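Trainee: Just dropping this structure here.
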Amino acid sequence: VEAVQKQVSELVTHTRYLHESILAYSEDLLGTLPDHLDNIMYTCTGSEANDLAMRIAKQFTGGTGVIVTAEAYHGITTETGAISPSLGGRESVTPWAQVVAAPDSYRGTAPFVDGVAQALANFARDGITPAALIVDTIYSADGILTPDPTDITAAGQLVRAAGGLLIADEVQSGFGRLGRMWGFEGSGLDPDIVTTGKPMGSGQPIASVIARHEIVDAFGAKMRYFSTFAGNPVGIAAAQATLDVLRDDELVENAHEVGKYLQAGLRSMQTRHRQIGDIRGAGLFVGIDLVADPETKKPIGDYAFDIVNAMRERRVLVSAVGAGRNVLKVRPPLPFTRSDSDRFLEVLDSSLTDLAPHEDRS
Ligand SMILES: Cc1ncc(COP(=O)(O)O)c(C=O)c1O
């Protein structure tokens with residue numbers, strides 16, 4: 001708050017005029033990423049970041065084909081809405097995109113690499129040149145998944161071999177929430193492009209596209225990019241302060257530690273509530289998969305909705321995601337403590353006890 005107030009009182013402009021802070025922040029942020037991800041471009045929203053990433057990937061590869069997961073959400077622009085099946089269903093997805101089942105180890109879908117191989121075969125059949133595979137690295141809208149990294153690596157290798165780029169959408173998973181700075185770390189995905197947003201400015205609209213310089217150079221040689229408010233000094237002040245607090249307060253480590261504690265608490269509760277089919281996630285991004293029966297693993301979406309509301313009445317906010325809308329999405333603030341977790345567990349426990357699932361729920 002202080003950083004934003006100070007900047008507002010000094011100078012609020014757009015990005016036509018250079019400002020020292022944007023350079024310092026860019027270097028600071030790029031220092032948290034692998035060396036080859038060495039260029040950054042700013043946008044105001046995650047949607048714009050993914051939109052720009054799409055344009056860059058298409059221009060760089062000369063292709064148009066994009067592979068996405070079955071419940072993915074990547075934004076609201078024409079370009080990103082067209083690759084977001086969670087918005088309007090599979091039918092709403094553009095013909096130049098292929099939709100692949102997300103790698104769900106709980107319900108045991110086919111390996112992700114098989115779906116990606118099929119998608120690439122479909123592109124070849126339809127005369128579409130692949131441009132990119134884009135994944136949210138915690139598969140949030142798909143139900144919060146932590147797949148086998150070797151499966152994701154194999155899928156990425158196929159896309160690369162077919163000439164496509166790999167895009168990590170870190171709008172939800174980036175900035176330490178998973179108990180590591182970036183979601184793609186250790187996930188098996190080796191991205192050419194990373195997109196960020198949401199937590200980047202702790203409430204200020206700032207987002208970015210980060211890529212290897214040869215990709216950005218090739219794009220910049222042919223295409224102009226400018227966005228009036230993207231990377232403005234106030235947004236940058238918020239982003240810099242966010243990064244400073246993440247480090248000073250060791251919030252990434254906190255997400256890892258408290259996340260483990262929260263998941264352990266949930267697991268001990270699982271024995272008392274048959275409707276908890278699976279607990280998964282990383283750091284402070286946890287999914288609780290509610291099922292009619294742990295044997296059949298049948299999702300109970302309307303029940304999850306009732307639990308969301310029961311918890312809201314007890315002043316704890318969660319939402320429900322996944323194809324069956326039955327996975328409670330637990331995504332608390334990063335300074336979450338063990339005692340906050342205890343309160344969360346109590347409220348969930350009492351909500352599940354008070355609201356036993358009916359036999360006929362589906
Ligand atoms: C994974 C993911 N990508 C992109 C977006 C779009 O970001 P924004 O709402 O800032 O446009 C979101 C927003 O929820 C998201 O969760």
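Trainee: Sorting check: for 189-202, 12-25, which peptide has the highest mean count of neighbouring beta carbons within 10 Å, and how do the rest follow?
Mentor: On the way: 189-202: 24.2, 12-25: 14.0.
So the peptides 189-202, 12-25, ranked by packing, come out 189-202, 12-25.
Trainee: Which of rounded, prolate, oblate describes the chain, given a ≥ b ≥ c as roots of the alpha-carbon gyration tensor eigenvalues and a/c under 1.5 marking rounded, otherwise prolate only if a/b is larger than b/c?
Mentor: On the way: a/c = 2.06, a/b = 1.23, b/c = 1.68.
Since a/c reaches 1.5 but b/c is at least a/b, the shape of the chain is classed as oblate.
Trainee: Here's something else I'd like to know. Per residue of region 324-335, what does 6.51 cos²θ - 1.76 cosθ + 1.60 with θ = phi - 60° give for ³J(HN,Hα)? Whole Hz please, x for Gly and Pro, Karplus curve as stated.
Mentor: Each residue's phi maps through the Karplus curve to give x, 6, 10, 9, 5, 9, 10, 9, x, x, 5, x Hz.
Trainee: Please label the shape of region 81-134 as rounded, prolate or oblate, based on the square roots a ≥ b ≥ c of the eigenvalues of the alpha-carbon gyration tensor (a/c under 1.5 means rounded; beyond that, a/b larger than b/c means prolate, else oblate). Don't skip to the end; give the middle numbers.
Mentor: On the way: a/c = 2.34, a/b = 1.18, b/c = 1.97.
It comes out oblate by the Cα gyration axes.
Trainee: Suppose each label sits 7 Å from its Cα in the direction of the beta carbon; what would the residue 55-residue 8 distance come out to in nanometres?
Mentor: Label at residue 55, label at residue 8, 3.0 nm between them.
Trainee: In terms of Cα to Cα distance under 18 Å, which aspartates and glutamates are near enough to residue 298, apart from those fewer than 8 places away along the same chain?
Mentor: Candidates past the 8-residue exclusion: 71, 104, 142, 278, 289, 306, 359, 360.
Trainee: Of the listed peptides 90-101, 36-47, 289-300, what is their order by residue-averaged count of other C-beta atoms within 10 Å, with the highest listed first? Each step should come with its number before you reach the end.
Mentor: On the way: 90-101: 16.7, 36-47: 20.6, 289-300: 18.2.
Final packing ranking: 36-47, 289-300, 90-101.
Trainee: Now for a separate question. Quick one: if you stick a label point 7 Å off each Cα along the C-beta vector at residue 295 and residue 77, how many nm between them?
Mentor: It works out to 5.1 nm between the two label points.
Trainee: Further question on the same structure: About its Cα centre, what dipole magnitude does the chain give when the only charges are +1 on Lys and Arg Cβ and -1 on Asp and Glu Cβ, stated in debye to the nearest 20?
Mentor: Values: 31 positive and 46 negative charges, 111 e Å.
The calculated dipole for the chain is roughly 540 debye.
Trainee: Can you give the helix-only mean residue ellipticity at 222 nm for the chain, where every DSSP H stretch with n ≥ 4 adds -39500 (n - 2.57) and the sum goes over all residues, rounded to the nearest 500 deg cm²/dmol? Don't jump to the answer; show the numbers that get you there.
Mentor: Values: 12 runs with 148 residues, N = 362.
Rounded to the nearest 500, it is -13000 deg cm²/dmol.
Trainee: Among 350, 268, 173, which comes first, then next, by fewest other beta-carbon atoms within 10 Å?
Mentor: Working: 350 13, 268 9, 173 29.
Starting with the residue having the fewest Cβ neighbours, the order is 268, 350, 173.
Trainee: Take residue 224 and residue 20, extend 7 Å from each Cα along the Cα→Cβ direction, and tell me the distance between the two endpoints in nm.
Mentor: Computed distance between label sites residue 224 and residue 20 equals 3.0 nm.
Trainee: Output ³J(HN,Hα) for region 66-80: one whole-Hz value per residue in order, computed from phi by the Karplus curve 6.51 cos²θ - 1.76 cosθ + 1.60 with θ = phi - 60°, and x for Gly and Pro.
Mentor: 10, 9, 10, 8, 5, 10, 4, 10, 10, x, 10, 6, 4, 5, 7
Trainee: Hey, another quick one. Return the percentage of antiparallel bridges among DSSP beta bridges fully within the chain, rounded to the nearest 5 %.
Mentor: On the way: 23 of 38 bridges.
Percent antiparallel among DSSP bridges in the chain is about 60.
Quick note: the coordinates plus some simple rules give every number you see, no bench work behind them. What you see is a predicted model, and the numbers here were worked out from it, not measured in a lab. Because the Cβ atoms are built from the backbone with ideal geometry, glycine has one as well, and the counts that use them run over all protein chains shown.
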